[in-house]
Structure formats: C-alpha cells, structure tokens
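Derivation of every value follows stated rules applied to the coordinates shown; laboratory data play no part. From a predicted model like this one, the values you see are computed outputs, not experimental measurements. Glycine also receives a Cβ, built like all others from the backbone with ideal geometry; neighbour counts cover every protein chain displayed.
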Amino acid sequence: MKPSSRSRGRSALGRLLADPRRFTFDAAVRVLGFARRQPDPAEAARFVSLSGAAYPGSEVTLVEDPRQPSPPRVAVGLIGLTGPSGVLPRHYSDAVTAAHRNRSHSLGDFLDVLAHRMVARFAAAGAKYRPQRAADTNLLTPKPRAETQPGLETEAEPGPRAQKGTEDGGPVGGALLALTGYGIPGFAERLPTGNAPLQHYAGFFSARPRSAERLEAMISDWLERPVLVRQFAGAWLAVPPDQRSRLPVGLAPGAFHRLGEDAAIGIRAWDQQARILLQIGPLDRASFERLLPDGPDLRRLVALVRAFVGFEVGFAVNLILDRDSVPPLAPGGEAGMTPRLGWNTWLPMGKGERRRNHAADAVFEAEIVEAQPVARA
C-alpha cells in the first residue's frame, strides 16, 4: 500500500501515533524501542489486552505518546490473557467487560500486569528470526568504548571506509561473517581490514559466482573513488628451473626441447589469464599517496580484494593520478611526499605544456604487497 500524501512528511513515530492500525505488532514495537531508546520491549511499552469479544482488524489498535516519562500503553489484539485472542477461559473476558461497564478497570489492569511480561517476551522472540531487530538491539544498547586495534586507526581525511559496520555486531555480525566465509572465531580479525568491511559487504560475498561487477561496486564504495576491473590483464609468470628448455649436453639428457611441442626460450612465460587489474582513479595527490605500498591503506585494500577473489586469482592494483595533480620532479620533494622511482615520479612536461592523459604507471602486484612485513609500532 502506498503511503498517503499526509503521511509522507511524518516520521515513523508520527505515523504510528496517528494510525496505529497500519502497523504490525513487530513494527510498532521497533518504532517505540527507538523512540524511547530501550532495546527491551518490556521497558519500551506497557502492553494491554483488548476488552470485548469482537476481533480487531489489526494487530495494534492503540498507542500512547512515548515521549512521556512513563512507558506508553499499547493495545494488542493478537495475544493476551483476555479479549478476543485471550488464552484464559471465556468467563474471565466476560468479567473484565462487565467491570468496564461499571467503570471499574482494576480487574483488567491486574490481568494486564500479569500478561505484560508474556507479551514483551513474545515481542523479543520476534528478533530471533528478524536480523534487523537483533541489529536494533545492538544499536540501542550502550557499549564501552573499545581500544582501537593496531593498524586499524582511521584518519580524519577521506579514505577507505575501514569502519563501515561494526567490529562486533553481536549475533547479526556473526551471521554476516558466516555469509562471507569468515565466521570462524578469530579468522576475520587476522585480516588488516578487520570485521567491519566483511560484515558491511556480506551481500557481495554471499552472491555466487563472484563477478567483476560486484568487485568494482564493492571497492568503489569502500574507497569512495572510481574503480575499473580489467579482466584477463595478463602477466609474466616465472618458469621454474626444472621446467625450462634444455638441450642435451654429453650424457646429460635435455628437457622440453622438442620444437613445436614443448620447447620455449626464456625464463618467463606470458599468461593472459594470470591476473586481473584494479584501476583506481583518477585520484588527487593526497588519495594517491595514501594508497602507496608504504602505507596501511593499500594493505587493507589488497586484503579485502583477496578475501573476495580467493587465492586462485592473481591481481594487481593500478593507481591512476589525475593529470592536474602530477607533481613536478624535484629532489627532496614536498613535506611528506618524497619522490620514489616507480611510485610517484614522472618526467616533467615542456614549459607551458599540459599532460594529455592521467598518470597510470603505478602498478603494484598483490603478491608483493602481501609479502611485505607488517610495520610494528
């Protein structure tokens, strides 16, 4: 059902107070929990049963304003001790109805006190099969500030969203990690990225087969930069010494020396399917410098991509620097931006000339980045 023009401008709480019959019991409890900052339904509302024998047309028929000091009353029509859905014998409901006619609410209030905890537990049980409800509980429950793990510090400037999601996540976080394949305790913590990106992108990890389009979308969102995945980029693979071509010399037999069959010249072989190439950019100078191999961001990026593609796929990261951000080549360089051959140095252009293309020469192999020792504080 489409929302009416009047309800479009209202908050969820405003719509609940205006027309509670449009809400399910679970949705109403969720809205009230956020309104009162109470994860426990027993503290977020006071559940009461309906009087009479007429079956209601909705699960919730009345909700009081939760902005009062005391918990708001919520009239529930799907569960209770008395009323149309009551579990007690019918004469209890008749006695409550008769007392209401005599303007006495003591019996009904007493039975509601007994039923309140039962209805609250029923509401809490709904979170078991609704992951978003369990996540709400984690959001509403205050947690002590945990110490930041070494290597997971975040910078104020824009960069990889290392803290997307939560490092704990409770039961929902564990379920999300299980979808990614990293649900074993302590397994995800070994990655430089931590748990948060894996939990946040669990949908990408759980989808099979894992495609280049999903990898592009995930890394582009994580870095907040344009990303292009070039498939079948190819790479030179080293030929092991025992598999290289050798001619027979004296009594020593040769190996792999039959022309047209297995003979090859050289110690490397080109394999078009050896790797994929992640082209990131164009980047500004600060973003480019943060993703160089001597910083933690590239290691996190490589770890996240490796977790997604697995160990069977080779890949490299190609950082593309915007042509207007290419620094002049000078010894010493600017503060914190020392020139390094192969990383951030380019030959200067002629006077008055402007580069026609972005600088796309910085390519870093994932295997080399992964083999670098982790810097210790």
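Taking the stretch 70-87, which residues are of a type outside the set (Ser, Thr, Tyr) and more than 21 Å from Ser58 (Cα to Cα)?
Step one: of the stretch 70-87, the residues of a type outside the set (Ser, Thr, Tyr) are 71-81, 83-84, 86-87.
Selection gives Pro71 alone.
Does Asp284 count as farther than 29 Å from Glu213 by Cβ and among the charged types (D, E, K, R)? Outline the logic, then answer.
Details: farther than 29 Å from Glu213 by Cβ: no; among the charged types (D, E, K, R): yes.
Criteria not met by Asp284.
Take the residues in the stretch 50-62 that are touching a Pro at 6+ places or on another chain (Cβ under 9 Å) and small (Gly, Ala, Ser); name whichever of them is nearest to Arg73 (Cα to Cα).
Top of the filtered list is Ser58.
Hey, among Pro226, Pro248, Pro253, which residue is touching a helix residue (DSSP H, G or I) at 6+ places or on another chain (Cβ under 7 Å) and surrounded by fewer than 16 Cβ atoms within 10 Å (Cβ to Cβ)? Even if it seems obvious, please write down each step before you answer.
Details: Pro248 fails: touching a helix residue (DSSP H, G or I) at 6+ places or on another chain (Cβ under 7 Å); Pro253 fails: touching a helix residue (DSSP H, G or I) at 6+ places or on another chain (Cβ under 7 Å).
Among Pro226, Pro248, Pro253, only Pro226 is touching a helix residue (DSSP H, G or I) at 6+ places or on another chain (Cβ under 7 Å) and surrounded by fewer than 16 Cβ atoms within 10 Å (Cβ to Cβ).
Any residue that is surrounded by fewer than 21 Cβ atoms within 10 Å (Cβ to Cβ) and among the aromatic types (Phe, Trp, Tyr) - is there at least one of those in the stretch 309-326?
yes
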